[in-house]
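Here the structure comes first, spelled out in structure tokens, and everything after it is commentary.
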Amino acid sequence: MSSARNGAKGAPGYSKWRPEVIGLGKAGLPLAAVIADSGIKVTGVDINKNTVLMINNGKNPIPEEPGLSGLIHEHIGENLIATSDAESAARQSNVHIVIVPLFIDHKKNPDFRAIVSALTSIGKGLKKNDLVVLETTVPVGTTNGLVKETLEKTSRLRAGRDFFLAFSPERIMTGYSISRFREFPKIVGGIDDKSTEKAYEFYKIFAKIRKVKDAKTAELTKIAEGIYRDVNIALANELWQSAEKYGVDYWLVKAAASHQYCSLLEPGLVGGHCIPVYPWFIINENALPLIETARNVNDSMIRLFASRAIAIAKPKKPAKIAILGLSYREGVKEHAYAQSIPLIALLKKEGHQVFGFDPLYTGEETEKIFGAKPLASADEAKNMDAVILVNKLTQYRQMLQKIREKVVDIKNVLA
């Protein structure tokens, strides 16, 4: 897929790069693998020692990511190694890429602890002429502010004078991560022109690149992408509710909306650690009624779907209600901000027994992570009083068709 595949492996200049990728999650590990595949030796850093051990043994901790297992198997021990020793990795590297999670707390404020920890480790090994790139999506101004300040304080070097600093947001989609490096240009913006050029020089080896004016522009670009989807999903959720009132099939309306300026999205629950999080980075600092309303509309959908299931189960109370699809998206084992969690909590608060099933999770995980009683199989949903089909699990269509009257079909699987 990369320049290595096109015969550029070992090309002049490749050996000068010694990158590390800090954070080997669903975005960081594919990035490290793609860098390795381009012919550059890369060190992956993660605090999870089990993840590091798996990778170094040639095993993929994200098996649902197409193409990733092959890249790990091919490059581990040669172009790719993993470690939990962040400071040692920083000392041996001259490119430091940070791609650790950034969550928000109950007040919707970002929790920077993971980023600060990663930056502190880098700072202890930072050298003159090193390049530091943040890929985690962050509030506008973070690169020039918190990142720069933390690195300078720890290393006693000056950004823009002694080392280069840039922001290049990850733009992948779990389940399509490897291919996205071919399909979408990477945005790069530095704290100054020299930092932008330095980052561009590195990233162009394995990805398409689009330079922007500065780090703030790159930061807002990524936030805007998430907000665009959030607002348009909120629009879909409201149009879907309106269509139901008129006795119109929204999904037929969506299919008919083929005008180039009208691309309707699918209604439903909005989860994951991207779209539900990014809008708050600017809502907290600006009066943005449209963006905030869209966020609230999407969060409110759990109450609508819960009420549908309760109505189906009436007059039974407590009713047995099953949730099929616990992950925030089908095919992706990730529960960060998965809307099934507050949905289950709401149904339990209303006094109902809630059961759960997702092919990606064990029964123990279903109970521990999501708070639902585990079903041994999706077939057991037939014994429930109501079923909420959260994700697009088409493999259960035939079984669920037989109990169609019990199912709240969020993603139109049973049409």
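Just so you know, all these numbers are worked out from the coordinates, no wet-lab data involved. What you are looking at is a predicted structure, and each value in this text was computed from that prediction instead of being measured. FYI the Cβ positions are ideal-geometry reconstructions off the backbone, even for glycines, and counts take in every protein chain you see.
Here is how the numbers come out for the structure above:
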read-out	value
Fully extended contour minus Cα-Cα distance, from L360 to L157, at 0.36 nm per residue	68.5 nm
3J(HN,Hα) from dihedral phi, the stretch 123-138, Karplus parametrisation 6.51/-1.76/1.60, rounded to Hz, x for glycine, proline	x, 6, x, 6, 10, 4, 6, 6, 10, 10, 10, 9, 10, 5, 5, 9
Net +/- balance of residues flanking K402 in space, Cβ distance below 12 Å, scoring K and R +1, D and E -1	+2
Exposure proxy ranking, count of Cβ atoms within 10 Å, fewest first, for V116, V407, V231	V116, V231, V407
Residue exposure sequence - Y261, Y337 - by fewest surrounding Cβ within 10 Å	Y261, Y337
Contour minus Cα-Cα distance for S242 and D105 (0.36 nm per residue)	46.0 nm
Gaussian network model of the chain, Cα within-10 Å springs - most flexible of T120, T293, T137	T293
Sites N286 and D193 - FRET efficiency at Förster radius 25 Å, r taken between beta-carbons, to 0.05	0.35
Formal net charge of residues neighbouring T83 (Cβ-Cβ distance under 12 Å; K, R +1; D, E -1)	-2
Full-stretch length increase - V116, L414 - with 0.36 nm per residue and alpha-carbon distance subtracted	102.6 nm
Using θ = phi - 60° and Karplus 6.51 cos²θ - 1.76 cosθ + 1.60, couplings along the stretch 294-302 (whole Hz; Gly, Pro as x)	4, 4, 5, 4, 5, 5, 6, 5, 4
Label-point separation in nm, E87 to K208, each point 7 Å along Cα→Cβ	4.3 nm
Nitroxide proxy distance, nm - points 7 Å out along Cα→Cβ at N232 and K402	3.9 nm
Candidates per GluC sites (Glu not before Pro) in the stretch 313-384, loop by DSSP, up to 14 other Cβ within 10 Å	none
The stretch 4-213, relative contact order [Cα under 8 Å, separation at least 6], %	18 percent
Whole-number percent relative contact order across the chain, with pairs defined as alpha carbons under 8 Å at least 6 apart	11 percent
Estimated [θ] at 222 nm from DSSP helical runs (n ≥ 4, -39500 (n - 2.57)) normalised by residues in the chain, nearest 500	-12000 deg cm²/dmol
Residue among T174, T43, T154 with the largest mean-square fluctuation in a Gaussian network model of the chain, springs linking Cα atoms under 10 Å	T154
Of K317/K382; K186/K213; K316/K406; K128/K222, pairs whose Cα-Cα distance is over 22 Å	K128/K222
Candidates K316, K222, K211: whichever shows maximal mean-square fluctuation once the chain is modelled as a Gaussian network with Cα springs under 10 Å	K316
Normalised contact order of the stretch 226-409, rounded percent, pairs of Cα under 8 Å and 6 or more residues apart	21 percent
Under 14 Å, Cβ to Cβ, from K320 - net charge with Lys/Arg +1 and Asp/Glu -1	+4
